[in-house]
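> To start, I am sharing the structure in question, which I have written as structure tokens.
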Amino acid sequence: MYAANESVVFLFLQCMRNKQAKFTSLVKALSTDLYRYAFWLCRDKDLAEDLVQETFTRAWRAVDTLRDQKAAKYWLITTLRREHARIYERQQPVFADVDLDTLETSRPDFDTSIEAHLLRLSLHKLPDEYLEPLILQVLWGYSCDEIAGIMELSKGAVMTRLFRARQKLRDMLLEGERSNVRIDGKLYHELS
């Protein structure tokens, strides 16, 4: 009887090690991307950290149900997005304007050109309903079907939003191009 209990304990410990290894690999691989997405959603550093933490807490509870490692990013993004929505169900958010262009970046390849600055300004002006699917597609590489699943929309609605996002972005960039000024050969943007 004692030997049977030892084998059960051994199997349990082996399962826990496998679960821990799977979970640790998820955290290492996706925590930075989840934080960026969370920060984009809420534009608050502390809240973004809390969202990522809660997402991983939920992931720990359900990591055994994850069958396909390739679906982990999609699963965690959806979990994070739903966790973000839960915040607004429970309380009224406090809004603050954060100039995303003034945030420090730890990436040495961060583009500081005037064109990149104009693109960031234009992206910041896009309504969230257009910006979110565009970011999911361009930065994260999701297909229209995957974005539809994440945003809980039809594929047609996602395609429409992506089309309109690109159209609005193009119009803003063309408008910005017309308001650019060259002084001593350098390109400057008139602030309006």
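> Need one number: nm distance between label points at S143 and Y74, each 7 Å from Cα along Cα→Cβ, rounded to one decimal.
0.8
> My understanding is that a pair violates if its Cα-Cα distance is over 29 Å; which of K125/K155; K45/K73; K70/K168 do that in this structure? Mind showing how you got there, number by number?
Working: K125/K155 24 Å; K45/K73 21 Å; K70/K168 33 Å.
From K125/K155; K45/K73; K70/K168, over 29 Å: K70/K168.
> Also, quick follow-up: HN-Hα J couplings of the range 124-140 from phi, Karplus 6.51/-1.76/1.60, θ = phi - 60°, integer Hz, Gly and Pro as x?
So the Karplus estimates, Gly and Pro as x, are 5, 7, 5, x, 4, 5, 9, 5, 4, x, 5, 5, 4, 7, 6, 7, 9 Hz.
> At 7 Å along Cα-to-Cβ for each site, give me the label-to-label distance between R120 and W40 in nm.
1.5
> Another one. So if we plug the beta-carbon distance of V27 and L174 into 1/(1 + (r/R0)^6) with R0 = 25 Å, what FRET efficiency do we get, rounded to 0.05? Write down the numbers at each step before the final one.
Details: r = 42 Å, r/R0 = 1.70.
For R0 = 25 Å, the calculated efficiency reads 0.05.
> Determine ³J(HN,Hα), in whole Hz, for all residues of the range 38-44 in sequence, where each value follows from phi through the Karplus function 6.51 cos²θ - 1.76 cosθ + 1.60 and θ = phi - 60°; x replaces Gly and Pro.
Result, rounded to whole Hz: 4, 5, 4, 5, 10, 6, 9.
> Let me ask something else about it. Give, in nm to one decimal, the length gained when the segment between T112 and K155 is fully stretched (0.36 nm per residue of separation minus the Cα-Cα distance). Walk me through the numbers before you get to the answer.
Numbers: separation 43, 0.36 × 43 = 15.48 nm, distance 3.49 nm.
In short, 12.0 nm is gained.
> Now for a separate question. Points 7 angstrom from Cα along the Cβ direction at W60 and D101: gap in nanometres?
So the label points at W60 and D101 sit 4.1 nm apart.
Laboratory data are not the source of any read-out in this text; all were calculated from the coordinates shown. Keep in mind it's a predicted model, so treat the numbers as computed, not measured. As a convention, Cβ positions derive from the backbone with ideal geometry for all residues, glycine included, and neighbour counts pool all protein chains shown.
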